[in-house]
Amino acid sequence: MKHYLVTGGAGFIGANYVKYILKKHSDIQLVILDDLTYAGNLGTIRDNLKDPRVEFVKGNIVDPQIVKSIFEKHPIDFTVNFAAESHVDRSIENPQLFLQTNILGTQNLLDTAKKFWAVGTDEKGYPVYREGVKYLQVSTDEVYGSLGETGYFTEKTPLDPRSPYSASKTGADLIVVAYSETYKMPVNITRCSNNYGPYHFPEKLIPLIIKNILEGKKLPVYGDGSNVRDWLYVEDHCKAVDLVLLQGRTGEVYNIGGHNEMKNIDIVKLTIATVRKLMEENPEYRKALKPASLSVTDLNRINNDLITFVKDRLGHDHRYAIDPAKITGELGWYPETKFADGIVKTIRWYLENQDWVEEVTSGDYQKYYEQMYGNR
Ligand code: NAD
Ligand code: TYD
């Protein structure tokens, strides 16, 4: 029986991971620690909270008392840290919060785990840890900076972050490395590319575009839309994190992503075409339109004229692309879901789960949207 502490488990990737491991492993116990910021939603994991293997704790990863109380109550074996401020645009508006959560939160989790996992010291003074424990830091390919038209990020690519978000994630990675080197803590770092799939908060490109199409709003494309991201279906990512946690070599970094590169403008056009096609094929999906309509003629409003090119993001990284050779070679993982299939699955999910979208955007979302896009 393994006891997990999963932070950020009410957010996009964390919730998908919680669902994935509960299905995959019967013999586990899970504590989910999440502060339920705008990006965290209990509705996302409502069914999982009924599972007797799961306990939810609302709290901040920066708070030493909360994290300590979890380790006192549960014999945690694995800490998997998804909790973070994750949106580049928000980091440009408020960098300090990103440094607090992403760097200090990571350090606090590491420190508490170190104290509870250490069972003695070796002859050189390094801590010795309980058998089978591990800390896994979920990081991002954005720590490597921005690529030109060619080349890929490998685990050896120098760290070169450019946004407050990626700088804070880099700071977190470096403190993980420091705990690994200085205290010999058993750790892994995973660096994934852009995830997409169910439960993605509609401030990020793909769910925002889907939401706006349904509402007949303009689709804001930053700059000229030529920026490239390497899209990773969230369940493929969860499989990779599970593999690295259970089988990854201690102390190693693993890049997760691969060969699903798309220009933003092509994503937007494909999303428009897919929403329209799904609605043409299945009238039930037209109920997701705002206002709801079953009329086929109303689908004419779903076309590329919705696209609007807006002021570019400050310091907008041009291209991310991952070479996943290490995780494929060592652990046999590869990105199973091709973008053409994953985007259809994702759009279907949004069309079928408008209640979830309404639930997560009922709070401050409107204010955020006005502030971010009102003057672009
Ligand atoms: P998200 O913003 O959807 O979710 C973050 C979760 O963390 C939310 O549930 C939020 O409530 C929680 N949280 C935030 N601050 C907290 C705090 N101080 N204490 C406790 N909980 C807190 O993010 P996501 O997209 O699911 O990303 C998860 C992780 O993966 C992050 O570390 C992110 O940097 C990394 N990542 C994400 C992507 C992506 O494409 N989404 C790509 C690369 C890396
Ligand atoms: P995003 O989903 O914010 O992820 P990240 O910045 O971490 O890669 O953005 C993905 C790409 O889409 C990025 O190049 C910025 C661009 N983008 C837009 O063009 N319009 C939008 O409204 C958003 C949110 C993003």
Go through (1) out of contact with any strand residue (DSSP E or B) (no Cβ under 8 Å at 6 or more places or on another chain); (2) buried (at least 21 other Cβ atoms within 10 Å of the Cβ) and name the single condition Gln247 misses. (2)
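Let's see how each residue does on (1) touching a residue at least 12 places away in the same chain (Cβ under 8 Å); (2) not in a loop (DSSP other than H, G, I, E, B):
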| site | (1), (2) |
| --- | --- |
| Leu314 | yes, no |
| Tyr334 | yes, no |
| Ile343 | yes, yes |
| Arg348 | yes, yes |
| Asp355 | no, yes |
| Glu358 | no, yes |
| Lys367 | no, yes |
With the requirement that a residue be farther than 26 Å from Ile213 by Cβ, among the charged types (D, E, K, R) and within 19 Å of the chain's Cα centre (by Cα), what does segment 327-356 give you? Glu336
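With the structure loaded, tell me whether Gln354 is of a type outside the set (Gly, Ala, Ser) and surrounded by 14 or more Cβ atoms within 10 Å (Cβ to Cβ) or whether it fails that test. Lay out the reasoning, then the answer.
Numbers: of a type outside the set (Gly, Ala, Ser): yes; surrounded by 14 or more Cβ atoms within 10 Å (Cβ to Cβ): yes.
Spelling it out, Gln354 is indeed of a type outside the set (Gly, Ala, Ser) and surrounded by 14 or more Cβ atoms within 10 Å (Cβ to Cβ).
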Return a yes/no flag: does segment 257-272 have any residue that is among the polar types (S, T, N, Q), more than 16 Å from ligand 1 (Cβ to nearest atom) and surrounded by fewer than 21 Cβ atoms within 10 Å (Cβ to Cβ). no
List the strands (runs of 3 or more DSSP E) inside segment 1-96, counting only whole elements, that have at least 3 residues being at pLDDT 95 or above and of a type in the set (S, T, N, Q). none
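Please determine whether any residue of segment 263-273 is in contact with a Leu (Cβ under 7 Å, 6 or more places away or on another chain), assigned to a helix (DSSP H, G or I) and of a type in the set (S, T, N, Q). Spell out how you get there, then give the answer.
Step one: list which residues in segment 263-273 are in contact with a Leu (Cβ under 7 Å, 6 or more places away or on another chain), which gives 264, 267-268, 272.
Of the ones still in play, those that are also assigned to a helix (DSSP H, G or I) are 264, 267-268, 272.
Subsequent filtering for residues that are of a type in the set (S, T, N, Q) retains 264.
Checked segment 263-273: at least one residue is in contact with a Leu (Cβ under 7 Å, 6 or more places away or on another chain), assigned to a helix (DSSP H, G or I) and of a type in the set (S, T, N, Q).
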Taking only segment 120-150 into account, find how many residues are of a type outside the set (Ser, Thr, Tyr) and touching an Asp or Glu at 6+ places or on another chain (Cβ under 9 Å). 11
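Okay, residues lined up against (1) under 21 Å from Ser362 (Cα atoms); (2) within 14 Å of ligand 1 (Cβ to nearest atom):
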{"position": "Val176", "(1), (2)": "no, yes"}
{"position": "Glu181", "(1), (2)": "no, no"}
{"position": "Ser193", "(1), (2)": "no, yes"}
{"position": "Pro198", "(1), (2)": "yes, yes"}
{"position": "Leu205", "(1), (2)": "yes, yes"}
{"position": "Asn212", "(1), (2)": "yes, no"}
{"position": "Arg229", "(1), (2)": "no, yes"}
{"position": "Val234", "(1), (2)": "no, yes"}
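What residue, of Gly363, Gly374, is exposed (fewer than 15 other Cβ atoms within 10 Å of the Cβ) and touching a residue at least 12 places away in the same chain (Cβ under 8 Å)? First the steps, then the outcome.
On the way: Gly374 fails: touching a residue at least 12 places away in the same chain (Cβ under 8 Å).
Gly363 is the lone residue from the list that is exposed (fewer than 15 other Cβ atoms within 10 Å of the Cβ) and touching a residue at least 12 places away in the same chain (Cβ under 8 Å).
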Odd one out for Ala240, checked against (1) closer than 22 Å to Asp355 by Cβ; (2) within 14 Å of ligand 1 (Cβ to nearest atom): (1)
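What number of residues within segment 220-248 are within 24 Å of Gly14 (Cβ to Cβ) and in a loop (DSSP other than H, G, I, E, B)? Walk me through how you get there before you give the answer.
Of the residues in segment 220-248, the ones within 24 Å of Gly14 (Cβ to Cβ) are 229-248.
Subsequent filtering for residues that are in a loop (DSSP other than H, G, I, E, B) retains 231, 248.
The qualifying residues number 2.
Listed residues Thr121, Thr101; which is out of contact with any helix residue (DSSP H, G or I) (no Cβ under 6 Å at 6 or more places or on another chain) and without any contact (Cβ under 8 Å) to a residue 12 or more places away in the chain?
Working: Thr101 fails: without any contact (Cβ under 8 Å) to a residue 12 or more places away in the chain.
The conditions single out Thr121.
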Subset tally (residues that are at pLDDT 95 or above and of a type in the set (Val, Ile, Thr)) for segment 284-315: 4
Say we look at segment 147-177 and pick out the residues that are assigned to a loop (DSSP other than H, G, I, E, B) and within 14 Å of ligand 2 (Cβ to nearest atom); which of these is farthest from Glu93 (Cα to Cα)? Leu147
So which pairs qualify, if the first residue must be in segment 145-165 and at positive phi and surrounded by 11 or more Cβ atoms within 10 Å (Cβ to Cβ), the second must be modelled with pLDDT of 95 or more and aromatic (Phe, Trp, Tyr), the Cβ gap must be under 7 Å, and the two must be at least 6 apart or on different chains? none
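The values are calculated or read from the model by the stated rules, or taken from the named source; none is laboratory data. Keep in mind the model is a prediction, meaning the values are calculated, not measured. Cβ sites come from the backbone with ideal geometry, for glycine too, and all protein chains shown count toward neighbours.
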